[in-house]
Each structure stands twice: as structure tokens, then as C-alpha cells.
Amino acid sequence: MALTLRRASVLVIDDFQGMRTMLRDFVRAMGVTRIETAHNGRSAIEHLSANRYDIVICDYNLGPGPNGQQVLEEARLKNLIGVATVWAMVTAEKTPEMVMGAAEVRPDDYLLKPINQMVLETRLSRLIARKHVLAPIEAAIKAHNYAEAIAQCDLQLKAKAAYPQEILRVKSELLLSIGDYAAASALFESILAQRDVPWAQTGLGKIHFHARHFEEAHDIFAQVLSEHVVFMEASDWLARACTRMGHDEEAQQVLQDAVKISPNSPTRQKTLGEVAYRNGDLDVAQIAFTKTIRIGEFSPHKSPSAYTGLARVQADRNEPYEALKTLALSRQEFRYNAEASMLTGAAECAIYHQMGQTERAQEVLAETEKLLEKAAGRVSAEVGLAVSKTLFAMGHKERACTVLQDVVRNNHENLEVTESVEQLFNGQGLHAEGQALIAQSCSEVVAINNEGVTLARSGDLAGGAELLRSASAKLPNNEVILINLCGLLIARLSKEGKDLRLASEAREVLDRLRQINPDNKNYHIYTAALNRLMAPK
Amino acid sequence: MAQVEISFGDLIASSIHDMKNSLNLQVSALEGIARQCRERQDTATVQDLGRVIYQANRMNLNLVELLSLYKLSKSIYPMDITEQAVAEVIEEAVQQNQSMMEFKGITVSTDCPEDCYWYMDRELVKGVLVNALNNAYNYTHDKIHVVASVQDKRLELRVEDNGKGYPERMLLNQDLGSEQGVSFETGSTGLGFYFSDQVARLHKNGRKRGSLVIENGGSLGGGCFVLRLP
């Protein structure tokens, strides 16, 4: 049954006693009986873990500890709230975070102070009505069923739901995610025929970016920004385009301008730190990494690479003790995270080496390499690159090459990764050797893939699948192998009929694929195909 | 010791946050007291409270306008022109001032189709409407009418009243963005008009810009505040 305001259970989060009481009294006066309050981010998370709420009214500013946005992110990440929960964020003034595209996780709406009971009641009632329209779309997105989500969008558009443009925007993002660039492009053009809307312009830029037309993409993002200074999504994409074009200095400028307007995104600050470090601008890099760590302190999305980035800056500044302190903090912060331990270890080891503490460096290196071995290929390219860089620095060229070989084999079609590997070799003065390693590793994987596909084409689906299965066991992070394996499993299902064992293997492969790259367009195509095949007749 | 960096912008933002909390609580408490007074039919106190609430609302409005103008001048205002349901924006602006209107016996009516969507920065345009309603509160006899319509590819938002209308010298000098002079009689510092005019100009579509005019007449025969957005 559809939710009504009176029957809703409500959580009010505000650090200021007076506001908390006022908001609670407003809600009570609306006839709501189930109301609870929390006085800071921690207590909010406790409440959200223990109970299910239909409506959360949360002040953005919560004093020391996590802010409203971070509480929301944690609640979404840990599934403490469902897609039907209405989250209203209360703020004192309009902030850049309120602009669409500035943050990945958004509340359902922002409420600007002052708030009176009438305004609150109207807004909450409208949000409940809108949730009714959007919840089925959000549920499908959350289940990674993008085809279904698009169908839901079309259904609502046909039913002339309120805020059609918001639904179109969601639909356009889904189309980009599944790689249907033609349909996405048509959607953006139809919006732009009416008016220059920044998200639609930016969307066209993204299509160019995906097609590797970086210059066209760059110009579009720059154009959007010249007219809409606070459209942060365009500036993040512009910086990406600059970097892909090899214009790191421009990328740094774009990001520096962006953090002036919107300083509270850890991802943007971290990217700025990395770009500035590559440009040799240690001052900017240090500030950016420090800020990343500070604003990420209470964020569920904090990352160890901000710490290793800062440590590298400090080491380059000849402040090895400061750098080790930073890394010790990282160890403490990410105690149970193997990826983080490897990243931190690689950085620590390089610093001990630089300090001449060879024994200590060897010890840390051994621990890190042990973890790497244990991960059996299931590590990100970032870790592989960091470890091999340290191996090079310590003179273990062969071991570095072995690690990099795996990085390339696991990412043979990912140009950003292979370029990073190439740069790493170039930095060692090993240009030719690097190119040879990349070419060799890529062709090995291509050969296995081709063999599997050839077997399948000749009719031996089972043989092709078996070949790719064992290749995937050796290269668990290779997207292309996973995709082809999944394709063969689905082909078998469609030819041989329903088979639960094959279907569950296909699902595992898809899950793995999503972990590696949630934006893989084939992931969505194959998920839809598998669901169709296994649907009850 | 590591130094804590505090920027002026952060300081202003947190102070405004604090002040708005105080004002919000103050108005809310006053409205509560007014309700009690009305229950025991103490009309005189209710009217007094209405005037106090009006002043608190004005203070809040001035804070919002000053902060927005400060941010716009530094190019750090998060200007964000998106499609909005016009009826919702009007409704919220009206509801924000509802209590003080009731205390003075003013009826506010609105006329806007539910499916009227237009591009605007929701917060800025709401600020302009609240400001116009505050003005009308001063000038009107007992009625205010808010009308929205799309004409000639522009959204026209009109706030009309049944008072005596704007004085002649204001209508002649329609350069509303310029200094209007401080008037202790109406409590006008010109800030409201300046803010509204800036907001109008910031709404652009291609080569067209928004505009702000005041006139007399309209459906209620008093002053009219007219915002047009391309």
C-alpha cells in the first residue's frame, strides 16, 4: 500500500537541540506518531542500523564527526535505507553539492532554512508522491538491472509523471551505462533542441569521451563550464579529457578552479593531488592530499591512495619521517583491507629504501609480495603498478616485470592501464622493453581468447568455455575473458536449455565482472540476456 | 602544532548557518505564541506578533540576499538553472510568509497551472518571490495575487496587490538595480530590488535575459511586481 505521511516512521537528525525539537514538533503536528531523533552522525547511523525509516530529515551540518552527506553515503552503502526511504537534507544555504552531478549519492531533496511546518509538510508529501514514481526505477538500478530500469523510465514518461526531465536524465545515464550511445545521443539532442541544458551538453561530451574523441569532448566540457561555472560534473570530465590528451597542466588548473567552488569532494581533491604530483607541483599536491584525508575521515568511501600520495610528496620533500607517519596512519585506518596494505607497504618500502634502511625495506617488501601472491591476481592495477614501481626502485627489475606482466594481462584492453605501465617503463629508461612486454602480454591473452572463440564458432561451446574458464582462473581480473566466458555460457544455455549449474556460473562471472568494472556495457547486456533465458515460462 | 585553516567564506557560511537557526527558532516560537493568543482571542497581541514575525522574516530575507549577492560577486554562487514546477515554487514562497499574512488579515491567492515547468534557479527565484510578497505585505490593503503564465516564450511571474500602488517616482525610475535610497518609512534599503534585478539578469537563455519591472494596475488595481524569465 502506498505510504502516507501520517503513517510514516520518521528520523530527525540535527546536532542543534532547538532545531531538533522544532522539527520533531512540526512532524508530530502533521499527525505522525513514530518519530525518533539523533543528535549526531554516529547516533544517526546507530538508529538507521537498528530501525527502518520511511522518512529521514537530516541537517547537513552535524558538528564534529560525519556530516549529513556522509551519513547518507554510509546508509546507502550499508543498505541501512531502502530505495523507498525519503531522505530530505536540511541546509542553511545553497551549496555546490546541491547542484546535480556534483555528488554521486544524493538525497531526494534539499530543504533550505528557514523551515516552517507548512513548507515541511508540503515538501514531504510531494517527496512521498515522487518516491512512488521513482522507487521502481531506483530498485531496478540497485539490482543492476538497467534494462528494467530503462523500461520503468519509459513507463513513467508515458504515464506523464511529474518532473519528466528528471526521468529523462536518469534514463540518459542508464543508456550511457549500458553503452547505448546512439539512443543516449538522440535523447540529449532532443533536450538540446529545446534549450541549452548543461547535463545534456555534458552527456554529449561523455559520448565523445567514450569514443576516444578527447578533443571534441574537451571542447564541449569547456563550453559547458564557461556558461555554468558550478556544474562540477563538467569540470571533472574536462580534467579527465585533459589528462587523456596529455595536458596535465590544464587538468590541474581545471581542478584547482573546481575545488575553489566545491572543496568537499574527496575524489576531486585526490585527483587534483595526483595530477599536481605528476606536474611536480608538490605544494598543490600536498594540500590536495591532506584535504582528501581530512574530508574523507568520516566518509565510507575513503581511500588509502590519498595517504600514499601524501607520503610520496613528503618523501620527495625529503621529509621521510613525516611520510612514514602518514603511512602509519594509513595502516591504522585500513587495518582489514589487503589492497590498502599492499599500497601502503609499497610506499613504505620505497621510503625505507630512500632512507638507506635496506633491511627494513626488504622486510616490508617481503610482506607486501606475500600479500600479492595470496591475492592470486585479484588485485587492482593500481596495486600492481605501485608494487612494481617500488621493485624497480629497489633494483628488482625482473620481479617488477613479472608483476607488470600480470597487470597488462589482466587489463589488456584497458588503454589507461597499459599507458600507465608504459610510462612506468619509460621512467626507468626502459622504453623498448616496456613496449615489448606490453605487446607480448596482450597478444598472449588475445590468442587464448581467439582460441576460445574459434572453438565456440566451430560448434564446441563446451570446449571454448573450458579454455576460457582456465584462462580466467589465471587472469581473474581480465574483463574481456570474463565477458567472452559469460557469452559462451549464455550461448550454451540458449542452445541446450535451462541448466542451473551453468546459470549460476554465469551469474558468478557477471558478479565478478561488476566488481572489476561496474560500467562494463556487456555486463548489462548479458545480465538482461541471462534473466530472459532463466525467466520462468 | 598544525594550524587550522579557516577561510573567510567558511566563517561567513557557518555564521549564517547559526543565525538562520536562531531566526528559524524565533519565528517558530513566535508563531506558537500567536496560536495560543488567538485561542484566547487576544487579537491585539496577535497583531503585534504579526509585525514582529514580519521583521524576523525580513531579517532572514536580508541575510539570504546578502549572502547570495556576496557569492554571486565572487562567482562562487552555485547557480543552477534547471526545470522546476512553477506552481511548487510559488506555493513554497507563499507558505513561507503565510503566518504574517494571516495576522494582518491578508488573503494570498495564486494562479498557476500544475503542469507549468520552467527553467530557473529554484532558490533564487523563490527568494525574489518572497521579497515581492514582503513588499506587497507593506503596500496592500488586504489582497495579494500571484500569477504565472508563459507568454512569448517567457515565464511571467506577477505579484499583484490591491493597495495604492507604487509611488510615481519609483515607476519613472525603473532602473531598479540602482540605488533606491534608504527609506525608514517602508524599511526599504533597495537591497530587495537590487537582488531581484540581479537574479532576473542572471537568468539567460541564448541571447535573452530575464527582466524585472514594477507597475500599477493588474487584476487587483494596486502595485504589480513582474519578473520575466526567458
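Determine which member of the set A:Tyr352, A:Tyr336 is farther than 21 Å from A:Glu433 by Cβ, free of Cβ contacts under 8 Å to residues at least 60 places away in the same chain, of a type outside the set (Asp, Glu) and part of a loop (DSSP other than H, G, I, E, B).
Unique residue meeting the criteria: A:Tyr336.
Across region B:61-77, the qualifying residues are those that are crowded, with 21+ Cβ neighbours inside 10 Å and of a type outside the set (D, E, K, R), and the one among them that is farthest from A:Gln194 (Cα to Cα) is B:Leu61. Being out of contact with any Leu (no Cβ under 6 Å at 6 or more places or on another chain) and within 12 Å of chain B (Cβ to nearest Cβ) is a property that A:Ala38 lacks.
Taken over region A:415-426, the criterion of being open to solvent by less than 10 Å² (accessible area, probe 1.4 Å) and out of contact with any Leu (no Cβ under 6 Å at 6 or more places or on another chain) is satisfied by A:Phe425 alone. Residues that are of a type outside the set (Val, Ile, Thr), within 13 Å of chain B (Cβ to nearest Cβ) and in contact (Cβ under 8 Å) with a residue 40 or more places away in the chain within region A:112-136 comprise A:Asn116, A:Gln117, A:Leu120, A:Glu121, A:Leu124, A:Ser125, A:Leu127, listed in sequence order. In this structure, A:Leu48 does not qualify as over 25 Å from A:Ser235 (Cβ atoms) and part of a loop (DSSP other than H, G, I, E, B).
Select from region A:173-184 the residues that are surrounded by fewer than 19 Cβ atoms within 10 Å (Cβ to Cβ) and aliphatic (A, V, I, L, M) and list them in ascending order. Result: A:Ala182, A:Ala183.
All of A:His412, A:His431, A:His396 fail the test of being crowded, with 19+ Cβ neighbours inside 10 Å and not acidic (Asp, Glu), apart from A:His412. Here is the figure for region A:143-171: residues that are farther than 19 Å from B:Gln84 by Cβ and either aromatic (Phe, Trp, Tyr) or within 14 Å of chain B (Cβ to nearest Cβ) (or both) total 2. Note on region A:258-274: residues that are out of contact with any helix residue (DSSP H, G or I) (no Cβ under 6 Å at 6 or more places or on another chain) and open to solvent by 70 Å² or more (accessible area, probe 1.4 Å) amount to 2. Take A:Asn477 and tell me if it is in a loop (DSSP other than H, G, I, E, B) and either modelled with pLDDT of 90 or more or open to solvent by less than 30 Å² (accessible area, probe 1.4 Å) (or both). For A:Asn477, the condition - in a loop (DSSP other than H, G, I, E, B) and either modelled with pLDDT of 90 or more or open to solvent by less than 30 Å² (accessible area, probe 1.4 Å) (or both) - is met. All conditions but one from (1) assigned to a helix (DSSP H, G or I); (2) open to solvent by less than 20 Å² (accessible area, probe 1.4 Å); (3) in contact with a Gly (Cβ under 8 Å, 6 or more places away or on another chain) apply to A:Leu455; the one that does not is (2).
When A:Leu238, A:Leu187 are screened for being under 20 Å from the mean Cα position of the chain (by Cα) and either surrounded by fewer than 19 Cβ atoms within 10 Å (Cβ to Cβ) or assigned to a helix (DSSP H, G or I) (or both), only A:Leu238 passes. Total residues in region A:1-48 satisfying the condition of being over 18 Å from A:Trp87 (Cβ atoms) and among the aromatic types (Phe, Trp, Tyr): the figure is 1.
Selection of region A:399-429 for residues being touching a residue at least 24 places away in the same chain (Cβ under 8 Å) and part of a loop (DSSP other than H, G, I, E, B) yields A:Asn411, A:His412, A:Glu413, A:Asn414, A:Gln428.
Going through region B:150-162 one residue at a time, which ones are part of a loop (DSSP other than H, G, I, E, B) and surrounded by fewer than 21 Cβ atoms within 10 Å (Cβ to Cβ)? Residues satisfying the conditions are B:Asp152, B:Lys153. Once region B:19-43 is narrowed to residues that are surrounded by fewer than 18 Cβ atoms within 10 Å (Cβ to Cβ) and among the acidic types (Asp, Glu), the residue that is nearest to the other protein chains (Cβ to nearest Cβ) is B:Glu39. For region B:194-230, the set of residues classified as assigned to a strand (DSSP E or B) and within 22 Å of B:Thr82 (Cβ to Cβ) consists of B:Lys204, B:Asn205, B:Lys208, B:Arg209, B:Ser211, B:Leu212, B:Leu227, B:Arg228, B:Leu229, listed by residue number.
Scanning region A:118-172 for residues that are open to solvent by 50 Å² or more (accessible area, probe 1.4 Å) and not in a helix (DSSP H, G or I) turns up A:Ala143, A:His144, A:Ala159, A:Lys160, A:Ala162. For the condition of a type in the set (Lys, Arg) and either within 14 Å of another protein chain (Cβ to nearest Cβ) or closer than 25 Å to A:Leu255 by Cβ (or both), A:Lys94 qualifies. Within region A:90-117, can you find the residues that are open to solvent by 10 Å² or more (accessible area, probe 1.4 Å) and of a type in the set (A, V, I, L, M, F, W, C)? Residues satisfying the conditions are A:Met98, A:Met100, A:Ala102, A:Ala103, A:Val105, A:Leu112.
Restricting region A:355-384 to residues that are touching a residue at least 24 places away in the same chain (Cβ under 8 Å) and of a type in the set (Val, Ile, Thr), the residue that is farthest from A:Leu404 (Cα to Cα) is A:Thr368. Please tell me if A:Arg312 is farther than 27 Å from A:Leu62 by Cβ, free of Cβ contacts under 8 Å to residues at least 40 places away in the same chain and assigned to a helix (DSSP H, G or I). Judged against the criteria, A:Arg312 is a match. Listed conditions (1) open to solvent by less than 70 Å² (accessible area, probe 1.4 Å); (2) under 21 Å from A:Asp511 (Cβ atoms); (3) free of Cβ contacts under 8 Å to residues at least 40 places away in the same chain are all met by A:Glu466, apart from (1).
The values are calculated or read from the model by the stated rules, or taken from the named source; none is laboratory data. If you're wondering where the values come from, they're calculated on a predicted model, not measured in any experiment. Positions of Cβ are generated from backbone atoms using ideal geometry, with glycine treated the same way; all protein chains shown enter the neighbour counts. The protein model used for the area step is the full one, side chains on, heavy atoms only, and it has no ligands, DNA or RNA in it. Shrake-Rupley method; radii C 1.70, N 1.55, O 1.52, S 1.80 Å.
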